[in-house]
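Working notes, structure below.
The values are calculated or read from the model by the stated rules, or taken from the named source; none is laboratory data. Just so it is clear, the structure is predicted and the values come from calculations on it, not from any experiment. Note that each Cβ is placed from the backbone with ideal geometry, even for glycine, and that neighbours are counted across all protein chains shown.
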Amino acid sequence: MLLEPRYVKLSTRTGIEVRRTLPNARKRMIGAWAFVDHFGPTAQTDGMVVAAHPHSGLQTATWMIEGRVEHRDSLGSVQHLEPGQLNLMTAGRGIAHSELSLADSKTLHAVQLWIALPDAVRKMAPEFEHHANLPTFQIGSSMAKVFAGSLASQSTLSSDAKLYSPLVGAEIRIPAGAKLELELDPSFEHGILLVEGQLAVHDVDLPLHSMEYLEVGTRLVDFENSGDSEAIIVLLGGEPFDEPIVMWWNFIERSHEEILEMREKWNNRDSGIPEFADNIGGWTPAPELPNLTLRARL
Ligand code: MN
C-alpha cells in the first residue's frame, strides 16, 4: 500500500515546508512510529529555526541525511547532530527543545520521527540521548545504518538507542543499478520511505518522497535501483501499537482532557518544564484547540 506525503508548513521562523507521510489517511502508525516528517534537501537559507516548544508522551528521533543542526532542551542538553548520528529525545511527562540548523553546511536534508510511548512509561522523567556510533554494515553493495532496534538480517547488531516497544529504524543506501533483498522481522509492519533517488520495491516504482507500507507477516523485501545515482531509504518497522492515542500539536496523550491540561500549562508558562537558553530565543505557544472533543483512537 502506497502512503503519499502531505505538504505541511511548519510554524517556525523560516516557515519551512515538510512532507508528512505519517499519520496518513490510509495508515495512522507503523508500530509505535507515529509521525514522519521529511525535510529538504534545501538550501540553508530556508533552514530550520524552531524555537522552544514542548513534547509529551513520545520520543523524537532526528536523523540527518545532509547538514547539521543544534539541539537544546530543558534538561540542559546542547548537542550538534550530523549525518549518520541519532538524536533521541524521550519526552515522557514533559520536555521542551529547540532546533537550529547550522550555517556551516550548505544543504539541509533530514527526517524527524516520533515514537509513541506505551502507557506504562509515558509519564516517565524526560531523557536525551545522542548516538554517534551506530551499527553500519554492508548487504551486497548496499550500506545499512541502524539507528533504532535491529534489522532481522543482522539481529546481532543493534542500535543502543533506548526504546520502549519493539521497533526498527534504519537508513539504507542502494547504489545505482543495484538490487537488494532484505530480510524483515515478520512480527513487524514496515514502511519504506524513499528520500533520494529512484527505487522499485517488489518491482513497482516507489515515487520519490512516498512510503510503501508492508503488512505484518512480510519476511523479505526486494529493492532495485534502476536509476543512475544512489537511492536512500528510511526503513521503519515495529509491532503494531495497540493502544488508542490522542495526538495533537506536540503531545501524545490518551484523552482530550490530558491534551487540554498540557496545552494550558504550557501556554500559562506553568508546565514545570524548565526554561533554557539557546541561540534562537523566544517560545512557541500552542495553537487554539479545534472546537470538538479529541478522541483517542488506534
Ligand atoms: Mn519538536
Six or more apart or on different chains, Cβ under 7 Å: which pairs go from a residue in the stretch 1-12 that's under 26 Å from residue 204 (Cβ atoms) to one that's small (Gly, Ala, Ser) and modelled with pLDDT of 95 or more? Could you list them? 2/210; 3/191; 3/210; 4/210; 5/210
Scanning the stretch 51-61 for residues that are surrounded by 23 or more Cβ atoms within 10 Å (Cβ to Cβ) and hydrophobic (A, V, I, L, M, F, W, C), which turns out nearest to the ligand (Cβ to nearest atom)? 58
From the set of residues in the stretch 17-31 that are crowded, with 20+ Cβ neighbours inside 10 Å and over 11 Å from the mean Cα position of the chain (by Cα), which is modelled with the lowest pLDDT? 18
I'd like to verify a number: residues in the stretch 50-99 that are within 29 Å of residue 257 (Cα to Cα) and outside any strand (DSSP E or B), how many? 7
Condition first: charged (D, E, K, R) and surrounded by 15 or more Cβ atoms within 10 Å (Cβ to Cβ). Can you find one or more residues in the stretch 281-295 that meet it? no
State which residue pairs qualify: first residue over 18 Å from residue 237 (Cβ atoms) and of a type in the set (Phe, Trp, Tyr) and inside the stretch 34-63, second residue in a strand (DSSP E or B) and within 10 Å of the ligand (Cβ to nearest atom) in any location, beta carbons under 9 Å apart, and separation of 6 or more residues or different chains. 39/112
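Please specify each residue of the stretch 244-274 satisfying the condition of being touching a residue at least 60 places away in the same chain (Cβ under 8 Å) and over 24 Å from the mean Cα position of the chain (by Cα).
Within the stretch 244-274, the first condition is being touching a residue at least 60 places away in the same chain (Cβ under 8 Å), and the residues that meet it are 245, 247, 250-254, 262, 266, 271-274.
Answer for the stretch 244-274, where residues must be touching a residue at least 60 places away in the same chain (Cβ under 8 Å) and over 24 Å from the mean Cα position of the chain (by Cα): 271, 272, 274.
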Check the stretch 35-46 and report whether any residue there is assigned to a strand (DSSP E or B), under 26 Å from residue 123 (Cβ atoms) and within 13 Å of the ligand (Cβ to nearest atom). yes
Within the stretch 62-107, residues being buried (at least 24 other Cβ atoms within 10 Å of the Cβ) and away from the ligand (no atom under 16 Å from the Cβ) number 1
May I ask you to list the residues in the stretch 238-257 that are surrounded by fewer than 21 Cβ atoms within 10 Å (Cβ to Cβ), assigned to a loop (DSSP other than H, G, I, E, B) and within 16 Å of the ligand (Cβ to nearest atom)? 249
Need pairs with beta-carbon distance below 6 Å; first residue within 15 Å of residue 89 (Cβ to Cβ) and in contact (Cβ under 8 Å) with a residue 60 or more places away in the chain and within the stretch 111-122, second assigned to a loop (DSSP other than H, G, I, E, B) and within 15 Å of the ligand (Cβ to nearest atom); sequence gap 6+ or separate chains. 117/57; 122/57
